[in-house]
């Protein structure tokens, strides 16, 4: 999947499903303009958020931060 086309003004909206067998991008929700992402890490003790940042940093080869949604499934990532 070509992720760059979903990044708008250095922001990327995602919806995270933690506790999955592996971390991967599953689909794109056109109604919410959101990437649906499975994350292997559990949601407790910030582990899923850390895995999200690592996963997208490695995938995009850029610095990634969670701008919004630290305690929600829906997050906005700042890319670059």
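What follows draws every value from the coordinates through simple rules; no lab data is involved. On a predicted model such as this, the values are computed, not experimentally measured, just so you know.
Just 36, 12, 70 to compare: in a GNM of the chain, with alpha carbon springs under 10 Å, which one fluctuates most?
Checking each option, the largest mean-square fluctuation is seen for 70.
May I ask you to compute the full-extension gain from residue 61 to residue 26, defined as 0.36 nm times their residue separation minus their alpha-carbon distance, rounded to one decimal in nm?
10.6 nm
Pulled fully out, how much extra length does the chain show between residue 40 and residue 2, if you take 0.36 nm times their separation in residues and subtract their Cα-Cα distance? Spell out each step's value before the answer.
Working: separation 38, 0.36 × 38 = 13.68 nm, distance 2.13 nm.
Extra length available between residue 40 and residue 2 comes to 11.6 nm.
Any chance you could get the radius of gyration and Dmax over the Cα atoms of the range 5-71, in Å?
11.4, 32
Helix-only mean residue ellipticity at 222 nm, the chain, DSSP H runs n ≥ 4 weighted -39,500 (n - 2.57), per residue, nearest 500. What is it? If you can, show how the numbers build up before the last one.
Values: 1 runs with 14 residues, N = 80.
Rounded to the nearest 500, it is -5500 deg cm²/dmol.
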